[in-house]
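One structure below.
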Amino acid sequence: MALARIPEELVGFCESGISVLLGTRDATNRPACSRPVGAMVSPARDHVTVVVPSEAGARVLANLRENGLAAVTFVRPIDNRGMQVKGRCVAVRALSAEEQARTRAYLEAFAESLHQVGMPRPRTMRLTIEPAVAVDIAIEQIFQQTPGPSAGAPLQSTGSEAP
Amino acid sequence: MDLTDLPPRCFQGVAPAVVATCSVDGVPNVTYVSQLHYLDPRRVAMSCQFFNKTRQNIDANPFASVQLYDPLTFDAYELDLRFDHAEPNGPLFDEMSMRIQAIASHTGMKGVFRLLSADVYEVLSVRKVEGFGGEEVDLTPFRHAGPPMGELRALQLVSGTLARAADLDDLVTSLLASLEDAMGFQHSMLLVPDESRARLFTLASRGYGESGVGAEVALGEGLVGVVAKERRILRLSDVERDLRYGRTVRNEVEVSSERTVTPEIPLPGLASAQSHLGVPLVVHERLVGVLAVESPRPLAFDEWHEAFLNVIANQAALALDRMMDDDSPAEVPHAPPSAVAPPSRKTRTFRFFKADDSVFVDDEYLIRNVAARILWRVLSANAADRRTEFTNRELRLDPWLGLPPVKDNLESRIILLRKRLEQKCPDVRIPSCSRGHFRLEADCAIALVEV
C-alpha cells in the first residue's frame, strides 16, 4: 500500500506533548492497547515513531513483532482534537540518545497538557519512560478522530492548525 | 483479580479510559472511551454516542481491550472484554444517558448529541499494568474520612433538623445549614418546581452569595434540570472535562452539518464547580424538588456521599411536600397595631409591569410571576386599608394569583419573595408570624405604580 503523509501543519500537533494511544492485535485478532510516551514524525512525514515502555507495553510489542499492524491515535487534552493513523510497524529498536532526550521532553510537555485539564503535574511525571523501545510505523491511512459525527472519516487536510 | 479490586474512582471518567478493537480483516483501532460504566464484577458497559469505528469493529469481532486509569495515582489496569449485547433503552440506558443529556443540554446540543446504546461487555480478564507508573502516591489527602462526628451521628443531626422544622422556610434553610455542619457541604441549593412544572426555581441556597435564590432552570436543561426530568441522581466528578467534551462535539456538529445548536445555558451554581451531585426529591412518583451540592474540587463526592444525600433527600421530600400543602393555622393571631412604620422621608417605589408579571423596586428588578402578584396584592391591600396581616388561605382563594387547585407552591413562592426582599429591599419585609400566616413590615414609605 502507498504510504500516506501526515499533513505538514499537523506535525507539530503530533509532537506537541499530547496524548498518544497505540492499538494492536494478536494472531487471533484480539486487540490490545498501550500508552506510548512520545511520538516523532519522520522528515518525509510518512512514518511515525512512538516510544513504548518495555514492561507496560510488553503485550503490544509482542503483537507488533508478530504482525506489525498498528493504530496510533493523537488527542489534545484541552480540546479533544484528535487524529488516528493506521499502518505497519517496520522496526522495534533501541532509542537513540536524541530520542531519549525528546522522550524526557515529551513527558514534561505531556504533564503540562494534562495540567491544563486538572491533572497535577507530579502525577503525570510518575509515568515510566524507560526502559523503552522505539517503534517505527509506516503510515498507510489517516483519519479524523475528534469526537463528533465526523470521527473516523478520512482526514482532509484543511491547512488549519489541528484536525 | 476482578473489577472489585479496582478503586471505584477509575470508573468516574476523570482520566478517560482507552479502548482497542480490531476489524475482521485485522486492522486495529484505538480511541478514548467516553463513558465506561461498572455493572458487576464480571460486566461493564460502554457508551455508544456515534456509530463509529469501535462499534463497527465490535459488530464483526466482539473482542475489545480497555486500559483504565486511577485518576489519583495514574495506575493503569487492562481489561479484556467480549461484547455481549447493546441496550438501546431500559434502566441501564437511562442511567448512562443521563450524564450525556446533562452535558448535551448544557452545551446547547439537546437531542443532537445523545446516547445511542449502552453496550454491555463481559469482562474476560483484569490485570494491573506493571511498569506503567513510578513510585507509590500518598493518597491520604484524597481519602474521604466521612463526617468527623461519624456517619450515623451526621444522619441523626440532619434528620433531626428536618423533623423539627417549624415551617417550609425553616425546613429548607436549616436543611442546607445542617448539611454543611454535618457533612461539610459548603455549596448547596434546593430547587422546587414552579406552577407550570416546566421550570424549577431556587428556594434556598448556601455558599453562593446573593445570586442563588430565585435562580431558575428549565426541566431537562443543564445538570439540575436533567436530574429533575429524569428523577435520577447525577454525580459528575470532573464537570470541566465533561463540558469540554461537549463543546468539542458541539464545534464538530456546527462545522459538519446544518443542525442547529442553541447557545450554552449558564450553569446555576458555582462557576468553578468541578464536582456536582444532584439528587431528586420525589414523593409518590412526583418531583417535589432537587437538592444539589457542588465543590470546586474534582472527585469531591464518592458513593458514600451519594448514598447519604439520597437518604436525606427522601426524608426532605416528604417534609417538603407536607409543608407545601400545609397552611392551616389554628387561628390567625391578631396583629400588633401599626406594624407598618409611619412613613419616613424615604420612599421606595414598586412598579408592577402587567405585560410580563414582574415587579421592580426603584428601577431594579425584584421578582416576577406568582410571587410578584402576591407582593402586589399585599402592597395594594396595605395601601388601601393599612392591612398588615395576611394568610396563605386568603391568597389561595384569590383567583388573580392564578394558583393551581392542588400542590400550589404558594409557601415556596412566599419564601422566595421574602428572600428577594431581604436582598433587594430590606426596608420592606414579610416575616412569618405562624404557619400559613405572615405580616408586612416596612421602614419606609411605599409608592405603587402599575405599568
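Observations on the model:
- When the helices of chain B are scored as -39500 (n - 2.57) per DSSP H run of n ≥ 4 and the total is divided over every residue, the value at 222 nm lands at -10000 deg cm²/dmol.
- For the peptides A:47-53, A:109-115, B:68-74, B:288-294, the ranking by mean Cβ contacts within 10 Å, running from highest to lowest, is B:288-294, A:47-53, B:68-74, A:109-115.
- 0 to 90° range, to nearest 10: angle between helix B:239-256 axis and chain B longest Cα axis: 80
- When the Cα gyration tensor is reduced to axis lengths a ≥ b ≥ c, the ratio a/c is 1.5 or higher for segment A:18-87, and with a/b above b/c it is classed as prolate.
- Tensor-based shape of segment B:3-140 (alpha-carbon gyration tensor, a/c under 1.5 rounded, otherwise prolate or oblate): oblate
- Pairs with C-alpha atoms separated by more than 25 Å, drawn from the list B:K346/B:K419; B:K229/B:K354; B:K110/B:K354, are B:K229/B:K354; B:K110/B:K354.
- Modelled spin-label separation between B:S272 and B:L39, with each label point placed 7 Å from Cα along the Cα-to-Cβ direction: 4.1 nm.
- Helix B:410-424 vs. chain B, principal-axis angle (Cα, 0 to 90°, nearest 10): 80
- Cut-off 12 Å between beta-carbons: net charge of the residues surrounding B:R127, Lys and Arg +1, Asp and Glu -1: -4
- Positive minus negative residues near B:Y365 (Lys, Arg vs Asp, Glu; Cβ under 11 Å): 0
- Set of segment A:1-39 residues, backbone N closer than 11 Å to the point 7 Å along the Cα-Cβ line of B:Q56: none
- Using alpha-carbon coordinates, inclination of helix B:151-164 to the longest axis of chain B, degrees: 30
- Other protein chain Cβ atoms within 10 Å, averaged over every residue that makes up B:14-21: 6
- Long-range Cα-Cα pairs in chain B (distance over 39 Å), rounded percent: 33
- Shielding of A:148-155 by partner chains, average beta-carbon count, 10 Å: 6
- With the helix formula -39500 (n - 2.57) applied to DSSP H stretches of n ≥ 4, chain A reaches a computed 222 nm mean residue ellipticity of -7000 deg cm²/dmol.
- Taking Lys and Arg as +1 and Asp and Glu as -1, the other residues whose beta-carbon sits under 10 Å from that of B:R197 total +1.
- Length gained when the stretch A:A109-A:Q141 is fully extended (0.36 nm per residue, less Cα-Cα span): 8.8 nm
- Only lysines eight or more places from B:K128 in sequence, or on another chain, were considered; those with a Cα closer than 30 Å are A:K86, B:K53.
- Partner shielding of B:61-69 amounts to 4, given as the average count of beta-carbon atoms from other chains within 10 Å of each residue beta-carbon.
- Considering only B:S34, B:L81, A:V37, and ranking their Cα positions along the charge dipole of the protein assembly as shown that arises from unit charges at the beta-carbon of Lys, Arg, Asp and Glu, the one farthest toward the positive end is B:S34.
- Reducing segment B:273-287 and segment B:400-424 to their Cα centroids gives an inter-centroid distance of 22 Å.
- Contact order for segment B:151-325, expressed relative to its length and based on alpha carbon pairs under 8 Å spaced 6+ residues apart, stands at 23 percent.
- Estimated vicinal HN-Hα couplings, Hz - segment A:139-145 in sequence order (Karplus 6.51, -1.76, 1.60; Gly, Pro = x): 8, 10, 9, 10, 10, 6, 9
- Expressed per residue, the C-alpha convex hull volume of segment B:151-325 stands at 117 Å³.
- A simple spin-label model places the labels of B:N314 and B:D2 2.7 nm from each other, with each point 7 Å out along Cα-to-Cβ.
- Kirkwood hydrodynamic radius of the protein assembly as shown, from inverse mean 1/r over distinct Cα pairs, in Å: 27.1
- Across segment A:60-75, coupling constants 3J(HN,Hα) worked out from phi with the 6.51/-1.76/1.60 Karplus curve, θ = phi - 60°, read 5, 5, 4, 4, 5, 5, 6, 9, x, 6, 9, 10, 10, 10, 10, 9 Hz, and Gly and Pro carry x.
- The HN-Hα couplings worked out from phi for segment B:284-290 by the Karplus form 6.51 cos²θ - 1.76 cosθ + 1.60 (θ = phi - 60°) are 6, 6, 10, 6, 10, x, 9 Hz, whole numbers, x standing for Gly and Pro.
- Tensor-based shape of segment A:1-51 (alpha-carbon gyration tensor, a/c under 1.5 rounded, otherwise prolate or oblate): oblate
Where a number appears in this text, it was derived from the coordinates with a stated rule and is not lab data. Being a predicted model, the structure only gives us computed values, none of them experimental. Note that each Cβ is placed from the backbone with ideal geometry, even for glycine, and that neighbours are counted across all protein chains shown.
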